[in-house]
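Take a look at the structure set out below.
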Amino acid sequence: MWKISKYLTFFVAVIVFAVGSTAGAMAQGQKRLAFVIGNAAYPSGALPTTANDAGLVAQTLQAAGFDVVGARDVDQESLRGAYRDFLAKVTAAGPDAVVFVYLAGYGVQFEGENYFVPVDAQINNAADVPIAAVRVSDLTKPLAALPTKVNIVVLDAARPNSFVKSSQPLAGGLALVDPDPNMLVAFNAAPGTVAPEGKGPYGAYAQALAEMMRDGGLALGDVFDRTRLRVNEVTNGAEVPWNASKINDPFVFFDRGPDAPAQQVSAAEVRTNRTKAIRDFDAHDAYVAALDRDTMGGYEDFIVAYPHDPMAKRVRAILAARREAITWRQTWLRDTPDAYWSYLQRYPHGPHAWDARHRLEHFDAALEPPQSFAVYAYDVPPPPPEEIVYVDRPVLYFDDPEFGFDPPPPVAVIFLQPRPRDFIDLPPPPPPIGVFLLPTPAFVPVPVWVNPPHDIFPPPNNVIFNNIHNTTIINNTNINENNNQGGGLTTGQKLTGAAVGVGAAALATKVALPAFLQKKEAVLSKQNNGQNNGQNGGQNPGGLPLKPGQNGQQPLSKTLPADKLTGHALPGADGKTLPLVNGKPVLNGQNLPNNGQNLPNNKSRKLNKQGTAGGNAVTGNPVANGQNGANGQGQNGSGQNGNGQNGNGKNAKLRKVPGANGTPTVNGANNPSVVNGQNSGQNPANGKPRKLRNQGNGQANGQSNGNQGNGSQGNGNQGNGAKFRKLPANGNGGANNQPKFKVNNGNGNPQMKVQSQPRPPKPEFHAPPKQQMQQVHRQPQAQPRPPQPQGGKKPVCGHPGEPPCK
């Protein structure tokens, strides 16, 4: 019996271990990662839809559970650095990861390789391409070397370009490629052809791809096959996308739930149509069937079955482009003079004729095929004469009016479902705010029976993923507004319409920048702020952040904490102490040079680094009763402070202007003999300096210097014995004004003027000749003495050798 018990215990332990391992594997799930780039701002002219296309594809991938990073308008350094960070992220994801790479912009081919063009590329001749652009194989080869499950690389980049206008023409479109194992490669236009520019906010290819990815239960190959049919239908045959795949594992972007309505065409009918002979369809459906299969054999079968159909010319053009692309790829892979002579024998004026002769120069061989050479045996036969007209040129346009193609027939429902009503006319996204950020379209909810697979690893902080059945409008509506019958996937991050403001929605749904670009964006933003400060005439002094709504700044949300909105905590936010200024706290916000605006309610602001003429105490000296330093121009208390200029109008170094008799500056006057805007009188005849006093009968430098304190016209210190309060000094105040001495009326007495911009009239202050400079030491926190009656003099005291003043 004990043996049976022992065996039972062993089997139970094995079962528990197996169940735990399975649960752990299911908990880990499939990680989905995406890298999306949309380049539009090229020097030769901006592309109208590429940035929006990237934003739409990125948003669809977010809904499908991808952890998406992306950017727009990147240069070569940024593209390489961002992709390097992305590869590290894929490596950390481990095996069985699914990777999606989407590049929208200009693409070119050169010597059998495809290149993606950054926005800073300078391509004046064909030889500049490898230097100025990024070779696509440099992106795909490292990705193929990683132990991923599925790799999808989409180049939405086959467009007409004007990079080379010389005797070295680049072949049009993109070159045919052979994908690596576990990889699908897709082009927006067939190899050797280019797509017309889109007329709407989104390109036909990106919109069709997003539509098909959102179709629940659609296999990966079917997604791109139906994308080809939709694009060809929308563009009237002007664009024929292409894809090639070596992915064997099943993959879907979304699952189709059991509550989904029945398909108009069953899966069995679809399989039958895929195996049905082309000749067994009528002419219209035969064209669509050949386009759906997108093979040389399918197109040739259509030509044989319907040689005189209006679609026969269009099919011959598609077949001619594909035949030439295959011929050139095999020539380039062979890379011998015989191979290039073989190509030139078939296509003496073909798209790659210049490339073939360029390689023959490299081999120091004849540029034209000799009388006898070893002709290379291609996998495809030579082109018939009726095909040459379509490829006897560098670039092939399927909408070229020279060909006079008839528009293709409508696609029957047995091949493609009608377009969803809510995905036909998509509104353009709002312009992105911030460097490198992709546009964020208004999210169109997917049907309630469509959900991401349940075995995927939920991406972090992905609001779109958690609200795929809900309307999301970024700028002025809310997330979770309606259409929540199915209750989208939730991980505790779902936002409600009442809790989401404009800023919160934009932050929550935007596509994150790669780590490399996050650092670069921070540097560029700081530089741009500095440049804007110098150009805005002091509207953004010292590189301080712009206020919400100022100079196009996005208003901050009222529903999120301040430190969550921009990634930087505001001073004093969330109970934090205010920063120190020169080691001392800011008092009442009255000594800050805001170059324009004092904040109400004692809200302090950072000090800028510009020299100011007012608003601060001279180094180490107090400023009395909220008065600015010398010649502060503006309104203190009601908004305006010093104008940030020193005496000569420049932001020069600050220097201390000594007052007469060596006494410190009081009440914004640079001369201690001037108290409250009034000269206290000439020094007595005995040459001894007169005691400073507040006479209380003048304006406190208000009218002459333009300072207004607490809403009054500089009369805060008028004769009422107002108390003086010492504010912390930071050395940026009135000391910027430089004194200028000149002889006054020939009497030898120096007259000191303080110059500022502008120069308002000021009282002149005189001192007797041979004055004795003595320094008066003021104790910290010392209160000025109340004004004395004019009737009697007070005994002299407080000087060396004299009794202390009482």
For this session: For region 429-437, state whether one or more residues are modelled with pLDDT of 90 or more, open to solvent by less than 30 Å² (accessible area, probe 1.4 Å) and within 21 Å of D215 (Cβ to Cβ).
Result: no
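Here is a yes/no grid of residues against (1) free of Cβ contacts under 8 Å to residues at least 12 places away in the same chain; (2) among the polar types (S, T, N, Q); (3) touching a Leu at 6+ places or on another chain (Cβ under 8 Å):
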| residue | (1), (2), (3) |
| --- | --- |
| H308 | yes, no, no |
| R314 | no, no, no |
| L319 | no, no, no |
| I326 | no, no, yes |
| R334 | no, no, no |
| P337 | no, no, yes |
| L360 | no, no, yes |
| F363 | no, no, no |
| R393 | no, no, no |
Problem set entry | Cβ-Cβ under 8 Å pairs, at least 6 apart or on other chains, region 241-256 side touching a residue at least 60 places away in the same chain (Cβ under 8 Å) and part of a loop (DSSP other than H, G, I, E, B), far side of a type in the set (K, R) and surrounded by 17 or more Cβ atoms within 10 Å (Cβ to Cβ) | F253/R214; F254/R214
Exercise. Across region 234-262, what is the total count of residues that are touching a Lys or Arg at 6+ places or on another chain (Cβ under 9 Å) and over 30 Å from A144 (Cβ atoms)?
Worked result: 2
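Which of the residues belonging to region 284-313 are open to solvent by 20 Å² or more (accessible area, probe 1.4 Å) and either of a type in the set (A, V, I, L, M, F, W, C) or in contact with a Lys or Arg (Cβ under 8 Å, 6 or more places away or on another chain) (or both)?
Answer for region 284-313, where residues must be open to solvent by 20 Å² or more (accessible area, probe 1.4 Å) and either of a type in the set (A, V, I, L, M, F, W, C) or in contact with a Lys or Arg (Cβ under 8 Å, 6 or more places away or on another chain) (or both): R293, M296, D301, I303, V304, A305.
Every residue, every condition in (1) touching an Asp or Glu at 6+ places or on another chain (Cβ under 6 Å); (2) open to solvent by less than 40 Å² (accessible area, probe 1.4 Å); (3) part of a loop (DSSP other than H, G, I, E, B); (4) farther than 27 Å from L174 by Cβ, yes or no:
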residue: A356; (1), (2), (3), (4): no, yes, no, no
residue: D400; (1), (2), (3), (4): no, yes, yes, no
residue: G404; (1), (2), (3), (4): no, no, yes, no
residue: D422; (1), (2), (3), (4): no, no, no, yes
Exercise. Which one is modelled with the lowest pLDDT, of the residues in region 105-153 that are in a helix (DSSP H, G or I) and within 19 Å of V194 (Cα to Cα)?
Worked result: A126
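Which ones in region 162-186 are within 19 Å of I123 (Cβ to Cβ), touching a Leu at 6+ places or on another chain (Cβ under 9 Å) and either open to solvent by 60 Å² or more (accessible area, probe 1.4 Å) or among the β-branched types (V, I, T) (or both)? Quick ask: steps written out before the conclusion?
So in region 162-186, the residues within 19 Å of I123 (Cβ to Cβ) come out as 162-175.
Then keep just the ones that are touching a Leu at 6+ places or on another chain (Cβ under 9 Å); that gives 163-164, 172-174.
Result: V164, single match.
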For this session: Would you confirm whether any residue within region 216-239 is farther than 26 Å from Y287 by Cα, of a type in the set (V, I, T) and either in a loop (DSSP other than H, G, I, E, B) or open to solvent by 10 Å² or more (accessible area, probe 1.4 Å) (or both)?
Result: no
Seminar exercise, completed: Going through region 375-398 in order, the residues found to be out of contact with any helix residue (DSSP H, G or I) (no Cβ under 7 Å at 6 or more places or on another chain) and part of a helix (DSSP H, G or I) are P385, I388, V389
Problem set entry | Options S372, S342: the member that is more than 42 Å from the chain's Cα centre (by Cα), hydroxyl-bearing (S, T, Y) and assigned to a loop (DSSP other than H, G, I, E, B) | S372
Exercise. Helices (runs of 4 or more DSSP H) wholly in region 1-102 with at least 3 residues that are at pLDDT below 95 and surrounded by 10 or more Cβ atoms within 10 Å (Cβ to Cβ) - which ones?
Worked result: 2-28
Seminar exercise, completed: Expected single match for under 44 Å from the mean Cα position of the chain (by Cα) and over 21 Å from F403 (Cβ atoms) among D292, D280 is D292
Seminar exercise, completed: Scanning region 365-380 for residues that are without any contact (Cβ under 8 Å) to a residue 24 or more places away in the chain and not small (G, A, S), the one surrounded by the most Cβ atoms within 10 Å (Cβ to Cβ) turns out to be L367
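The values are calculated or read from the model by the stated rules, or taken from the named source; none is laboratory data. As the structure is a computational prediction, the values presented were derived from the model and not from experiment. Backbone-built Cβ (ideal geometry, glycine too); neighbour counts: all protein chains shown. Heads up: the accessible areas ignore ligands, DNA and RNA and are worked out on the full protein's heavy atoms, side chains in. Shrake-Rupley method; radii C 1.70, N 1.55, O 1.52, S 1.80 Å.
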